[in-house]
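Data block below; observations after.
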Amino acid sequence: MGKVYLTGAGPGDIELLTIKALRVIKEADVIIYDRLANPDILEEAKNGCEFVYVGKEDGRHIVPQDDINEVIYQNALKYKNVVRLKGGDPFVFGRGGEEALYLLQRNVKFEIIPGITSAISAPAYAGIPVTHRGIAVSFRVVTGHESPNKKVSQIPWETFKTDDTIIFLMGLHNLPKISKKLIEIGKSSDFPVAVISKGTTKEQIVVVGTLENIVQKAKGIPTPALIVVGRVVELREQLKWFEDNA
């Protein structure tokens, strides 16, 4: 029986991979990776390492989550060092908890290796601090895409009214709904919004607007993308270091 390392690959920039994640990747006998993990990371693996792709795309799951759980388990029966490489952080909308519970129920040893989540890193690369003295003392991270099988939404929209900064992950296709909902609960239509596509990578695109016009302004922007809602967005014009250094 091997050990499984549920490993965060970070947000995209390979240099944001942690030292610990890099170590287990170099030692891995098999790497089970998803769509959001930078494929360049796989080049760090040792000769003979096996690669298993279990990527998911919006509206099209190549491998269902239940099957991914079983793939991880079966590889733990076969290999000593199993790396489950996940974009961002395993426990931030990464299904890492589900995978860990599956392994626990089958007496498979596992370790969680946190990764830098796009929720804070993509805004940072866009020049948007998620908190800032005098502007925002808190931030909330919300899924932008709930399971279509849910009968009732778990998103507590009414509680968002006084939030300083709200970050929606995987919400690009629901941007019209998100904007409408936030205006309905009392956010002003001119409240600042940014959409960040492929954050921390050379393909990063940032679109800034308001709740009223962001849907039109961000039309056609590629995924993966996240949405930042808050006055902190107004700091971008001064702090957009990544583009200015390109």
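The values are calculated or read from the model by the stated rules, or taken from the named source; none is laboratory data. Bear in mind that the values here come from a model prediction, so they are computed numbers and not experimental data. Note that each Cβ is placed from the backbone with ideal geometry, even for glycine, and that neighbours are counted across all protein chains shown. Note: areas computed on protein heavy atoms with side chains; ligands, DNA, RNA excluded. Shrake-Rupley method; radii C 1.70, N 1.55, O 1.52, S 1.80 Å.
With contacts defined as alpha carbon pairs under 8 Å and 6 or more residues apart, what's the relative contact order of segment 106-246 in percent? That works out to 31 percent.
Axis of helix 96-105 versus longest Cα principal axis of the chain: the two differ by about 30°, to the nearest ten degrees.
The charge dipole of the chain, taken about the Cα centre with unit charges on the Cβ atoms of Lys, Arg (+1) and Asp, Glu (-1), comes to about 380 debye, rounded to the nearest 20.
Got a number for carbon plus sulfur as a percent of segment 1-141's accessible area, 1.4 Å probe? Walk me through the numbers on the way to the answer.
Details: 3680 of 7040 Å².
For segment 1-141, the apolar C and S fraction of the accessible surface comes to 52 percent.
The label-point distance for residue 177 and residue 40, in a model that sets each label 7 Å from Cα toward Cβ, rounds to 3.5 nm.
So, counting K/R as plus one and D/E as minus one, what does the shell of residues with Cβ under 12 Å around residue 180 add up to?
Computed value for this residue: +1.
The sum of -39500 (n - 2.57) across all DSSP H runs of n ≥ 4, divided by the residue count of the chain, sets its helix-only mean residue ellipticity at 222 nm to -7000 deg cm²/dmol. The residues packed around residue 210, meaning those with a beta-carbon under 14 Å from its beta-carbon, carry a net charge of +2 if Lys and Arg are +1 and Asp and Glu are -1.
Between the amide H of residue 32 and those of 52, 83, 84, 85, distances stay under 5 Å, these residues lying 5 or more places away or on another chain, with hydrogens modeled in the peptide plane.
Report the calculated FRET efficiency for residue 231 and residue 15 (r = Cβ-Cβ distance, R0 = 30 Å), to the nearest 0.05.
Numbers: r = 30 Å, r/R0 = 1.00.
Between residue 231 and residue 15 the formula returns 0.50.
Relative to the longest principal axis of the Cα atoms of the chain, the long axis of helix 65-78 lies at roughly 30 degrees. What FRET efficiency would be calculated for the residue pair residue 105, residue 133, taking the C-beta separation as r and a Förster radius of 30 Å, to the nearest 0.05? Calculated transfer efficiency: 0.10. Across the chain, Cα pairs under 8 Å and at least six residues apart give a relative contact order of 21 percent. Inter-label distance, residue 244 to residue 62: 3.9 nm, where each label sits 7 Å from its Cα along the C-beta direction. Counting only protein heavy atoms and using a 1.4 Å probe, the accessible area of residue 35 comes to about 90 Å². Summarising the label geometry, the points placed 7 Å from Cα in the beta-carbon direction at residue 22 and residue 184 lie 4.7 nm from one another. Identify, among 102, 162, 126, the residue whose Cα sits farthest towards the positive end of the charge dipole of segment 90-173, taking +1 on the Cβ of Lys and Arg and -1 on the Cβ of Asp and Glu, with the dipole about the Cα centre. Projecting each Cα onto the dipole axis, the largest value belongs to 102. Taking θ as phi - 60° and the Karplus parameters 6.51, -1.76 and 1.60, the scalar couplings of segment 189-194 work out to 5, 9, 5, x, 9, 10 Hz in sequence order, x denoting glycine and proline.
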